[in-house]
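Please read the structure below before turning to the comments.
Nothing in this text is a laboratory measurement; each read-out follows from the coordinates by a stated rule. Computed from a predicted model, the values in this text were never measured in an experiment. FYI the Cβ positions are ideal-geometry reconstructions off the backbone, even for glycines, and counts take in every protein chain you see.
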Amino acid sequence: MRDAERVASHRIQKNGRMKLTRRKIAVLLIATLLSGPTQAAEPKEPVRIIQSTSSAAFMPYLIGLTMGYFDEAGLEVEVIQTSSGSKVAAAVASRAADVGMTATSTSLFLRNEGVDIVLLAPMTRQYTTGVVFSQDWAKKHGIKADSPYSEKLAALKGARLGTPGGSAGEHILRYLANEAGINPDRDLTIVPMGSDLGTYQVGLEQGVLDGFSLSPPSPDLAIKDLGAVYAFNLSVGEVPALDNFLYTVAITNGAWVQENPDTARKVVAAIRKSAAAMLDDSTSDTVRDQVRQEYFEGIAPEQFSDIWEQAKSYVPQDMRIENADVEKVLNFSNRFVEGSKMDPEIIEGSFYITE
């Protein structure tokens, strides 16, 4: 027996690798037994998000898609594309989409009609619209980017100005017309044109439009490529009355929030992380470059860097929406409503309460 043991011992010592391998196998078997059954990855929750445009007015949302923050939050996003903010809101109202990216005012008009639209999270806290004049119109009226505000207002008279249509894009043109002391229905031609930038650029080139009202980067591209001139850059506070304005939001359906509270929380968490990554100096440049590559590749890095820095001034630092935010939008929008105004009572329950 002892001789057999010595032979076995000799064989094991001689073949050290066999000895080590067997020990490794034993350790792995024990670890497997102790760990219990293998845990399957938790399935991601599906969410359908509808948008009409990839502009700076929805930068936190674009960051979340680019950097994978929705995925990290446990969401599987299906992106739906449409042509206008009003169609976004209609899709959410009918539950053809779960979440939508649109203007706050567009959502409030639907809510005033009895549709249970809920403002889920802020996208921007500034009216991001830029109004540009065509090169010819600016030259004809002696307008430059640094011309006095009063002169720019005076140059609005008689202009044909394109806008995406719906409430927000048109309201700012009507507001500026009122500031200029002119009648927006008689002294301006407001042309609803959807969200395709190419249509606006062709309009400027062919003289069909004298200017337009869109969020960045559209005005910046028209200035660079077509010699357009910035008339009013609201995103940098050129119209003080509209500072700290809850311009764009992520919206949802009230019933959907009730049925999917965890999914709603994850959507807000992803948007919060996106905004934080944009504002954090240690991550902002990396995020900026990836977003440009994904959505704004046609814009030169230096130009997009300027747009990015400008956008950082109006991206929300927290996800809280308060009564005063909604009230400001409602009061502003009611200035341009003929007949029955939006009822201030719709503010109650109009926004999601974050954790």
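Details
- Dipole magnitude of the chain, debye to nearest 20 (Cβ charges: Lys/Arg +1, Asp/Glu -1, about Cα centre): 1940 debye
- Relative to the longest principal axis of the Cα atoms of the chain, helix 16-35 runs at roughly 60 degrees.
- The residues R111, R160, R95, R292, when put in order of fewest to most other Cβ atoms within 10 Å, stand as R95, R160, R292, R111.
- Relative to the longest principal axis of the Cα atoms of the chain, the long axis of helix 261-279 makes an angle of roughly 80 degrees.
- Formal net charge of residues neighbouring R335 (Cβ-Cβ distance under 10 Å; K, R +1; D, E -1): +2
- Taking a ≥ b ≥ c as the square roots of the eigenvalues of the Cα gyration tensor, region 232-355 is classed as oblate, since a/c reaches at least 1.5 and a/b does not exceed b/c.
- Put in line by how crowded their Cβ is, counting other Cβ atoms within 10 Å and starting with the fewest, M101, M319 read M319, M101.
- In terms of surrounding Cβ atoms within a 10 Å radius of their Cβ, K140, K266 rank from fewest to most as K140, K266.
- Correct choice for volume of the Cα convex hull per residue in Å³ that was computed from the model, options (1) 133; (2) 177; (3) 146: (2)
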